[in-house]
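Step one of this worksheet: look at the structure below.
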Amino acid sequence: MFESGKPPAVEITDENKEICRKYCTICQNYKKHDLGRNEPKELFCGCGASSAQNMKEIGCFCPACPLFTKYHLRGGYYCVRR
Ligand code: SF4
Ligand code: SF4
């Protein structure tokens, strides 16, 4: 288990944002809902859900992202789930 009893929070860094963009910006959900036009634009697992409204959950790529593994994340669809 983790020393603090829970997984470490995702660090909001330029490096992590760059990694995120390789996955989030090419997923169906991101393109369909044009998430680049809303804040936050990436790293939803650290920054929180997109401010875009009425989103559906389609084709999340998070499980393939190295940060998903590094930070012991579960579920995906961080741009939708608040
Ligand atoms: S969190 Fe998942 S569904 Fe949302 S934009 Fe990123 S990869 Fe796509
Ligand atoms: S787990 Fe998803 S939201 Fe988080 S950095 Fe990776 S692709 Fe982006």
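One table, with the values for the structure above:
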item: Base-10 log of normalised Debye intensity for the chain (one unit scatterer per alpha-carbon) at q = 0.11, 0.14, 0.22, 0.26 Å⁻¹; result: -0.26, -0.42, -1.00, -1.37
item: Only Lys, Arg (+1) and Asp, Glu (-1) charged, at Cβ; the chain dipole about Cα centre in debye; result: 340
item: Charge tally in the Cβ shell below 11 Å around His33, where Lys, Arg are +1 and Asp, Glu are -1, His33 excluded; result: +2
item: Proximal charge balance of Pro63 [Cβ under 15 Å; K/R count +1, D/E count -1]; result: +3
item: Ranking by accessible area, most exposed first, for Arg21, Arg37 with a 1.4 Å probe; result: Arg37, Arg21
item: Computed [θ] at 222 nm, helices only, for the chain once each DSSP H run of length n ≥ 4 contributes -39500 (n - 2.57); result: -7000 deg cm²/dmol
item: Cross-link pairs beyond the 24 Å C-alpha cut-off, checked among Lys22/Lys56; Lys6/Lys41; Lys32/Lys70; Lys22/Lys70; Lys6/Lys32; result: Lys6/Lys41; Lys32/Lys70; Lys6/Lys32
item: Principal-axis tilt of helix 14-24 within the chain, Cα atoms, nearest 10 degrees; result: 50
item: Integer Hz, Karplus 6.51/-1.76/1.60 couplings in order for the range 49-54, x for Gly and Pro; result: 5, 5, 7, 4, 9, 6
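The values are calculated or read from the model by the stated rules, or taken from the named source; none is laboratory data. Values in this document were obtained by computation on a predicted structure and should not be read as measured data. Methodologically, a virtual Cβ is constructed for each residue, glycine included, from the backbone with ideal geometry; neighbour enumeration extends over all protein chains shown. For the accessible areas, the whole protein counts, side chains as well, though only heavy atoms, and no ligand, DNA or RNA atoms are used. Shrake-Rupley method; radii C 1.70, N 1.55, O 1.52, S 1.80 Å.
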